[in-house]
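Here is the structure we will look at, set down as structure tokens.
The values are calculated or read from the model by the stated rules, or taken from the named source; none is laboratory data. Just so it is clear, the structure is predicted and the values come from calculations on it, not from any experiment. Cβ placement follows ideal geometry from the backbone for every residue including glycine, while neighbour counts extend to all protein chains displayed.
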Amino acid sequence: MRKTFIGPQLRRLRQERGETQVQMARKLGISTAYVNLLENNQRSVSVAILLRMFETYGVDWRDIADDEASTRLSDLRAALHDPIFDSTRPDLHELRAAQAHAPTLIGAFLRLHRSYLVASDQLMALLGAQGGESALGASPEGAVHNFFRRHRNHFPALEEAAEGFWRGAPPEPDDLYAALKARLAGDHRITVRLRRVSEMPDTLRRFDAAGGEVWLSEALDHPNRIFQLAHVAGLIEAGPILEALVAQGPEDPQGRARLRVELANYFAAAVLMPYDRFLAEAKASKYDFDHLATGFGVSFEQACHRATTMQRDGAQGVPFFFLRIDKAGNVTKRFNATDFHLAEYGGACPRLDVHMCFRLPGRIVPQLVEMPDGSQYFVIARTVDRPTFARSGQDNRLAVAMGCTVEHAEMICYAEGFSLGSAPATPIGINCRVCPRANCDQRAHHASILTTPVDERHRGATRYDAPGAAR
């Protein structure tokens, strides 16, 4: 068992019951000094004491031992990377001390910062800004993103269910479609039918549970037909697990429906790309996503999605973040198991080459970037094609970006041409409205955090340039 520290939770439990440390120590059969050490996170708690707390106070020991400290600390670090804190950012030691001794204050601060982000998002929407999206879940998509992030984009119950799905060795990639059709027919009396685009216009998949049929559009390519069948199998066979997870998510019906879809997608990916085999192949190929997509019979985007879920304790992969962006610069999907502020709030900076890769369809574009706080990331971007229903929709492309901190870049094959210790990094920001790079030649708006007025006697690369300002 890993060491578990419960200082703030134990102090709150004692104070809620109006007890002194002496009284709590007497009830638990331990010394007052030990209670003090536990409350100050100077000792980890044992299983025996957790069980004694359950017997004495009637609280679920899993609630007490549920260590949200690392997630809360990640949220705090991400919030403090906001440029408004640039000159007053505390160090990690101060953050850990605040987390240990003032968790309620930390929670209040995070709620305040989140309200600020929502207000900023609404302001940008009113001003016609593009690319600003609430990081807090003002939309169903945002709520789903936050739910996945709270779970580090990893769901052990779904992984376990996926591992037992095939009841033996999984089929070869060429046989997956037939195997899934047979599974749905044999176990659930569901028939799979391929339909012409004219029969189901603007629809890729329709599942009629009562009628026992799944309709797939011929607009789907082979990997996506397989994925849709795995998704339907997940809705049926992992239904109780999905519902248990959905019950922990957003309360509104739209948010819950979106969460159910994404969790079923997670299950489908885990079925088609089993955790251990995928992680081993990813490391062996240095995360060659074309190789992984070919080897597992999936799409490039699906392989990228799966790489972000490699977060199992003791068997972790590179901690990637994932962004998907449309041609207008809108971030249509995020996956992030880290505290990278670029992944949480970024994607709208025109210096990020994910926007440029629309000019190079199908090619991987690698880039080393640096945020205003000096943190550096290695990012790859590539276009992906969406299903085409008609001639008018042939250019229906999106772009995906996969990134990690530069410390992990040596594990990725696409970084082999970079001198990571000395290669220049492209300076980027979150978006123009909160970026402190005053003299960026791509600036589209005067940032709200820049207080130096524009000099009417000076004209730089843009009308927002300020003489002598840093890039």
With the checklist (1) part of a helix (DSSP H, G or I); (2) at pLDDT below 85; (3) over 21 Å from the mean Cα position of the chain (by Cα) in hand, flag the one item ALA161 doesn't pass. (2)
Answer with yes or no whether ASP339 is assigned to a loop (DSSP other than H, G, I, E, B), modelled with pLDDT under 85 and under 28 Å from PRO274 (Cα atoms). yes
Those residues that are of a type in the set (D, E, K, R), at pLDDT below 80 and in a helix (DSSP H, G or I), I need them from the range 87-128; list them, please. ARG96, ARG114, ASP121
Conditions first: (1) touching a Pro at 6+ places or on another chain (Cβ under 8 Å); (2) at negative phi. GLY297 passes all but one, so which condition is the exception? (2)
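Listed here are the residues, each with its yes/no results for (1) in contact (Cβ under 8 Å) with a residue 12 or more places away in the chain; (2) among the aliphatic types (A, V, I, L, M); (3) more than 30 Å from ILE84 (Cα to Cα).
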residue	(1), (2), (3)
LEU292	yes, yes, yes
GLN316	no, no, yes
PHE335	yes, no, no
VAL354	yes, yes, no
Is there a residue being touching a helix residue (DSSP H, G or I) at 6+ places or on another chain (Cβ under 7 Å), farther than 25 Å from LEU235 by Cα and surrounded by fewer than 24 Cβ atoms within 10 Å (Cβ to Cβ) anywhere in the range 297-312? no
Determine the pairs where a residue that is of a type in the set (Asp, Glu), located within the range 395-411, has a partner that is modelled with pLDDT under 90 with Cβ atoms under 8 Å apart, the partner being 6 or more residues away or on another chain. GLU410/LEU420
Based on this model, can you work out whether GLU160 counts as assigned by TED's automatic domain parsing to the domain that holds GLY142, charged (D, E, K, R) and under 27 Å from ALA315 (Cβ atoms)? yes
Determine the pairs where a residue that is on the phi > 0 side of the Ramachandran plot and of a type in the set (Val, Ile, Thr), located within the range 431-454, has a partner that is surrounded by 17 or more Cβ atoms within 10 Å (Cβ to Cβ) and at pLDDT 75 or above with Cβ atoms under 6 Å apart, the partner being 6 or more residues away or on another chain. none
Quick check on ARG152: is it at positive phi and either modelled with pLDDT of 90 or more or crowded, with 19+ Cβ neighbours inside 10 Å (or both)? yes
Candidate set: the range 193-214, residues that are in a loop (DSSP other than H, G, I, E, B) and in contact (Cβ under 8 Å) with a residue 60 or more places away in the chain; chosen: the one surrounded by the most Cβ atoms within 10 Å (Cβ to Cβ): LEU204
Selected residue [modelled with pLDDT of 95 or more and either within 25 Å of ALA315 (Cα to Cα) or assigned by TED's automatic domain parsing to the domain that holds GLU262 (or both)] from ALA182, ALA210: ALA182
So for the range 348-369 (the condition being modelled with pLDDT under 90 and under 19 Å from ARG77 (Cβ atoms)), does at least one residue qualify? no
For GLU172, are the conditions met, namely being surrounded by 12 or more Cβ atoms within 10 Å (Cβ to Cβ) and either charged (D, E, K, R) or outside the structural domain of GLU237 (by TED's automatic domain parsing) (or both)? no
